[in-house]
Structure formats: C-alpha cells, structure tokens
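The values are calculated or read from the model by the stated rules, or taken from the named source; none is laboratory data. What you see is a predicted model, and the numbers here were worked out from it, not measured in a lab. Note that each Cβ is placed from the backbone with ideal geometry, even for glycine, and that neighbours are counted across all protein chains shown.
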Amino acid sequence: MELTLRQKSALENICETFLPRAEGWPSALESGIPQAIAQAMDFNPRSNAGKEFLQLLDLWDSPLHSLLTVGRLKKFSSLSQEDRIRILLTWADSRIGKRRAAFQALRKAIGFLYVMLPGANGARSPVWERLGYPGPLREKSNSLPRPLSVIVPDRELELSCEVCIVGSGAGGGTAAAVLAAAGKNVIVLEAGAYYDDADFDGAEFSSFRNLYTEGGFAATADHSVGLLAGECFGGTTVINYCTSFRTPDEIRTEWAAAGVPWFTSDEYTRSLDAVCERLHVNLDHNRVSRREQVLDRGLRALGWHVEAMPRNVVGCDQGKVCGYCGYGCALGAKQSATKTWLADAQQHGARFVVETRALRVRIEAGTATGVEARSKSGHRVSIRCKAVVSACGSIHTPALLMRSGLRNEHIGRHLHLHPVSNVCGAFEEEIRPWEGTMQAIYSDEHRYLTGNFGVKYETTALQPVIAVAVLPWREPVQYRSLLEKLSHISAIGVLLRDRDGGRVTIDREGHPVTHYALSSFDRAHLRNGFIGAARILEAAGARQIFSPHAKWCSYEPGRGGSLDTFTKAMDSAGWDSGRLALFSFHIQGTARLGGSPRTSAANPEGQVWEGRNLYVMDSSSFPSASGVNPMISIEAIAHRNAAALAARLR
Ligand SMILES: Cc1cc2nc3c(=O)[nH]c(=O)nc-3n(C[C@H](O)[C@H](O)[C@H](O)COP(=O)(O)OP(=O)(O)OC[C@H]3O[C@@H](n4cnc5c(N)ncnc54)[C@H](O)[C@@H]3O)c2cc1C
C-alpha cells in the first residue's frame, strides 16, 4: 500500500511511540516496521479496511486529535513521549469500540513484526538475541522436488471433470481422496501455493506470509478476534498442531438432534475410524515439554483432569523441531492433507490446480455446472463439472456461496470461533516455551460448565509471535520487560466452546467480512476459564501471572495480590470486544448441515438447499461448535458425505 508523506510520518510516529530505541533494542523504525505494516495491508483484500487505516493516519497528527484525547492543542509529532503514550492508552481503554479496535490492530501489527522480522539482509534479528530465541530452524533449501504434481496456471485454462473441489484442506483433501478412489474424475482448486518439508525453515515472517491467510493478520471486522487459517496447498492441516480428537459423543448427539441423524450412526463411527487410521492418530508421541510440565504440574497439584493428547504424527521429534509445527513440519512427521489424502487422490488420478482462487460457482437452472476462478498471475480458469464441493473453510465457503447468488439466510450465520487466549505465568526456571511437543496433554476439568459448554485447557508453543499476540502493551519499558521474560514464561490456553455465534458477510467486492462478539453466556465461561488457568499456574509455582487484557492485570502469588484481586482487576478491565486479546484457530459453522432450509444452509448430505450438485464439506458444515479441536470431525464428515456423493454420481 502506498502512503502519502503525511500518512507515512504518522505511522512512523505511532511505531516509535510503541517501541522507541532503547539500550540493546532496535526501535520500531530501525526494524523496518512502518514499511512492513504498509506491505501487510496488501494482504487484506477489503478496500474498506485500507481506507479506514489511511483515514486514521491522515487524522493522527492533527492538533485536534491531541486536544480531544489528552487536552493538548499540539500535533502528536511534537508531543513528549509521555504524552504520546497517554494518547495511545486513551485508544486502548476507550469506551468507543472502534478506537479499541484500532489500538488492538496497531498493537498486534507492531508487536508481531517487531519479533518476526529478520535483521538487515536476512541476518538474525537483534530482538531475538534479547529474547534468547534461536530464530529459524535452518536455511531454506530451494532445490528439492516436491512429491505431488500441481498445475500452476500460466495461461487461460478450460478444464472439465466430474467433481470440482474448491479448497485442499481438511475437508477438501479428504473429499478428493474418497471421490478419486471411487473412480471419479476430480479437480481440486486451491488459492494458496504448494510447499513441502524442505520449504519449512521455521522463519516466522516468511511462514506467515506464505502459509497463512492474509499473511497471519486476518481478524474479525472489529479486530477483537485474530483469525488464523492456512492458505496453502493442504490448507490449515499443513500448519496445524496435530491434535486429533474424535467428535465427542455428546456433540454427536447434539448434531443428530439438529437434523443430521447419521451423526450418531455406526456409519459416522466408521468414517471417524477411517480418518484416524489414515492420519496415524496415536498416543506414542506425547513427551511433555518444559512448557507443558507447568500445565501437568498445576493440574496434578489441584487434582484436576489431565490426559494425553491423540496426535496425527509419525516420527515427530517432540523436541526443537516440533515447536515450529505451526510453520509446517520440517520433518514430514505431521500427517497433513498433502501427506495423506491428497497423495491418495493423486494416485487415483486427481488433478490439483494451485494458486487459483474460485470466484463463483456456475449455477444453471438450479444446478451447479462449474466453477469460475482466477489464478494469482491473473489467468482465468474455468472448470466444467457435474458437481462442486465447497471446502474452502468457514470464512470462504459462505463467501463463495453468496458470490454465487445463494440467498439462504443461514449461509454465513452461526459462525463459531472457539475463541482462545493465554493466561501467562512467569517462572524462576528457564522454559524456552517455543520448544517441545506441540500439544501433548490437555484438561477437560471445566469442559462442562453449563451443559456441553465450557473450556478446554491446552498449551501451545510460544513462538515469539504467538506470545506477543496476547502481551499487553502499556508503555515500551513494561512491554520489553515482558519480552525479556519470554524464555521463562509458560501460558495456559483457554479454549472456549462458544454457544452463540457470529456471522460472515461479503463486502461490495465479494470479500468475506467476519463479525463476532462474545455473548454474556460465553463471556462468563471464558472468565471462569481465565480464573482456572491462573489457578493452574499458581499451583505450578508461577512467580507472576498476567492476563491478555488491554489493561494490565496481574498478581504475584504469595508476594503481591491474589487470585481474588486478579479476578477483580480482570472484571474491571472488562470482557467486551477489544478489551482483551482473543484468537481463533477453529473457525466453524457458517453453512451448517441440518434437517430443513429454515434452520440450516445444507441438507445432511452436505448439498446446499438452494442448488443441486453443490455441496459443502468443510468446517462450515458443523451444526454447532465441535467443542474439541475440529480437524478429525471435519475429515470424518467429508469422508462420509464424499462417499455418499460418489454413490449418487454412479
Ligand atoms: C495454527 C493452527 C493450528 C491448529 N491446530 C489444530 C489441531 O491441532 N487440531 C485440530 O483438530 N485443528 C487444528 N486447527 C484447526 C484445523 O486445522 C482447521 O479447523 C481445519 O483444517 C479446517 O478445515 P477446512 O477444510 O474447513 O479448511 P482448511 O483446512 O483451512 O482449507 C481450506 C482451503 O481452502 C482454500 N481456499 C479458500 N478460499 C478459496 C477459494 N475461493 N478458492 C480456492 N481455494 C480457497 C484455502 O487456501 C485453504 O487451503 C488449527 C488451526 C490453526 C490455524
């Protein structure tokens, strides 16, 4: 994105206020953050978001802005650092949601880039030295051939097949394998590019840019929830953490009651079995890292539930490399879609067209007859087929259906995010939280707070960018002191099964816009989860515990404050949008299956109510939130419904 001189100077001033130069630390400007933010804006396809950002920068240095925020009729650029910090905090703590949203977007972008960007000419970043972080795993090797063959369009293409699958992730990959094995002529269209083991060097900046949707910066419209999803061949299965839970029985019952009886059938059990077998789900790779020893110790001291996590890995090192799992598995141990389903599909003749985004499904006389797409290089790709499967994830599937002219009111609704955040604990001992098995254990102690709703406790490797995602910023010295503690921090992830959903709509250009706010029912469970996480950390011996609120909420067990004062501080900091950092790794439910068009977007077989031969087979098909990490459920649904589709096409 091009900035005017005025906009550029405003952005530089904001960045320098967040992170000015300090002894041993580069400033945000020296780290190249303003330019990187302007470049990152190009990943956001929504022109409105860009316009709002530029308007903010245009107004930022006006004396009126300082007058209205801190009572000084002076430009931001001529204020003292102290006054500039006060201005930023008025945005952080504002009663106006849009202002909090803008602050959170800036906090995240500046923090992410500060820890992600390599140093000059690709050298080690001086910030990594201060964190004690080793940086990427290795140099990228470019020369190795990748095992699957893909088509990258270099001219206009007109292709035909029986089934065109849009999206190559958990749902799309599985559907491709099942349909191709049944003898169907299959083409998979994928917006992202193909990367394999040798490409996975663990470098945070390039990994987010290459593998994640919107370069890792995607978020809800009000920036209150960061949205993490893969955009590469294999989809999110390439960057996910390998946790492999089967759909719990109580969720199967709930989903059957929503109008999809087969969820409680043996047929679905067989699909779950087939998926777990193909992904080699096992309990043999569960070495508990130092980071998770904290969770383990705390849970056991409290007498709470703790169990080993089922994982879809073969030959995982459960050590240094495993901690970089979110940037693709360098060992090829992760049984992602490219290693399993897509490989199977290709063996049965499926073709893969990558770096190509589906624009719309062609629907003629109520029947899907093809897909119109455009490649990254701008070439038109047109596919004729007998059936289309939308499997582009819960943000893009409803957008594709809406762009294709479907109007069922449930398309885009019932968005569930499993909002998650970390309560952090600083420990005396070194933890190096970026290392060790990704997720070896979990706790369901508070999974059933109200009926089937509550929270799961899990941890994740704290690569610097994952850590700063939730670090509160109140001023640069406090922020950097947290960064310096990173090697001694462990965090308990509180994963909420949300009952009340949000919505995906499309903007004028057809790009998805995500709307989401926690209901008071869901907020109460998240609050319970934060208190539970603090109890786990305290029981494990944390010296300091802090929450991901925009306001600083912390206590030092036995030395300063208590769980009670901490809880009061969190309540006073607030639980509504933009008051705390939330993320979603599990985006679900926006084209749900059900028994009637009055309650759902698609029938139990995944066929949308409004169009023949147009199917949904991805996370958007969930009738409600899965309550567990969703990959196995997505694949089992696709497995079951792709087999049914193959039979129908026979
Ligand atoms: C960092 C991370 C870790 C996770 N860890 C776990 C875990 O350990 N266990 C677990 O169960 N779940 C995990 N998840 C979630 C899980 O991986 C996803 O829920 C799941 O992969 C979603 O499957 P899907 O088929 O709906 O979409 P995806 O797997 O996201 O695939 C959708 C694909 O569609 C493509 N696409 C989108 N739009 C278009 C278009 N218009 N045209 C063409 N292609 C398009 C995308 O590029 C993408 O490749 C994790 C998620 C993240 C982000």
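Scanning the stretch 620-637 for residues that are assigned to a helix (DSSP H, G or I), more than 24 Å from residue 362 (Cβ to Cβ) and near the ligand (Cβ under 7 Å from one of its atoms) yields 631, 632, 634. In the stretch 301-356, how many are part of a loop (DSSP other than H, G, I, E, B), farther than 27 Å from residue 247 by Cβ, of a type in the set (Val, Ile, Thr) and within 14 Å of the ligand (Cβ to nearest atom)? Adding up the residues that qualify gives 1. Residue check: residue 579 meets all listed conditions (1) crowded, with 23+ Cβ neighbours inside 10 Å; (2) touching a helix residue (DSSP H, G or I) at 6+ places or on another chain (Cβ under 7 Å) but one, namely (1). Applying the set (1) farther than 25 Å from residue 126 by Cα; (2) surrounded by 20 or more Cβ atoms within 10 Å (Cβ to Cβ); (3) of a type in the set (Asp, Glu) to residue 16 leaves exactly one unmet item: (1).
Within the option set 392, 385, being touching a Cys at 6+ places or on another chain (Cβ under 8 Å), under 18 Å from residue 176 (Cα atoms) and either surrounded by 21 or more Cβ atoms within 10 Å (Cβ to Cβ) or in contact (Cβ under 8 Å) with a residue 40 or more places away in the chain (or both) holds for one residue only, 385. With respect to residue 556, determine if the residue is away from the ligand (no atom under 16 Å from the Cβ) and in contact with a helix residue (DSSP H, G or I) (Cβ under 7 Å, 6 or more places away or on another chain). Criteria not met by residue 556. Filter the stretch 161-186 down to residues that are in contact with a Gly (Cβ under 8 Å, 6 or more places away or on another chain), outside any helix (DSSP H, G or I) and either on the phi > 0 side of the Ramachandran plot or away from the ligand (no atom under 11 Å from the Cβ) (or both), then give me how many there are. Residues meeting the conditions: 3. When only residues in the stretch 222-235 that are of a type in the set (Gly, Ala, Ser) and modelled with pLDDT of 95 or more count, which is nearest to the ligand (Cβ to nearest atom)? Per the stated criteria, the residue is 235. Residues that are away from the ligand (no atom under 11 Å from the Cβ) and in contact with a Lys or Arg (Cβ under 6 Å, 6 or more places away or on another chain) within the stretch 191-211 comprise 196, 201, listed in sequence order. Restricting the first member to the stretch 207-220 and to residues that are in the same structural domain as residue 234 (by TED's automatic domain parsing), and the second to residues that are among the charged types (D, E, K, R) and within 13 Å of the ligand (Cβ to nearest atom), the beta-carbon pairs closer than 8 Å and six or more apart or on different chains are 211/231; 212/231; 213/231; 214/231. Here residue 460 meets each of (1) at pLDDT below 95; (2) of a type in the set (Val, Ile, Thr); (3) surrounded by fewer than 22 Cβ atoms within 10 Å (Cβ to Cβ) with one exception, condition (3).
Checked against (1) in contact (Cβ under 8 Å) with a residue 40 or more places away in the chain; (2) closer than 18 Å to residue 53 by Cα; (3) surrounded by fewer than 15 Cβ atoms within 10 Å (Cβ to Cβ), residue 3 passes all but a single condition, namely (3). For the stretch 57-85, a tally of residues being within 17 Å of residue 10 (Cβ to Cβ) and assigned to a helix (DSSP H, G or I) returns 19. If we keep just the residues of the stretch 190-228 that are more than 17 Å from residue 355 (Cβ to Cβ) and among the aliphatic types (A, V, I, L, M), which is surrounded by the most Cβ atoms within 10 Å (Cβ to Cβ)? Filtering first and then ranking leaves 225.
On the basis of being among the β-branched types (Val, Ile, Thr), in a helix (DSSP H, G or I) and closer than 26 Å to residue 593 by Cα, does residue 237 make the cut? Yes; evaluated as a whole, the condition is true for this residue. Say whether the condition of being within 30 Å of residue 531 (Cβ to Cβ) and assigned by TED's automatic domain parsing to the domain that holds residue 394 is met by at least one residue in the stretch 598-607. No, because not a single residue in the stretch 598-607 is within 30 Å of residue 531 (Cβ to Cβ) and assigned by TED's automatic domain parsing to the domain that holds residue 394. The condition (being β-branched (Val, Ile, Thr), within 15 Å of the ligand (Cβ to nearest atom) and assigned to a strand (DSSP E or B)) is satisfied by just one residue among 395, 363, 383: 383. Keeping to the stretch 441-471, report how many residues are in a loop (DSSP other than H, G, I, E, B) and in contact (Cβ under 8 Å) with a residue 24 or more places away in the chain. Final tally of qualifying residues: 15. Kindly indicate whether residue 141 is part of a loop (DSSP other than H, G, I, E, B), modelled with pLDDT of 95 or more, on the phi < 0 side of the Ramachandran plot and surrounded by fewer than 18 Cβ atoms within 10 Å (Cβ to Cβ). Here the answer is no, as residue 141 does not meet what is asked. Contact map, the stretch 548-571: first residue closer than 20 Å to residue 471 by Cβ, second residue of a type in the set (Ser, Thr, Tyr) and surrounded by fewer than 15 Cβ atoms within 10 Å (Cβ to Cβ), Cβ cut-off under 7 Å, separation 6 or more or different chains; pairs are 555/562; 555/565.
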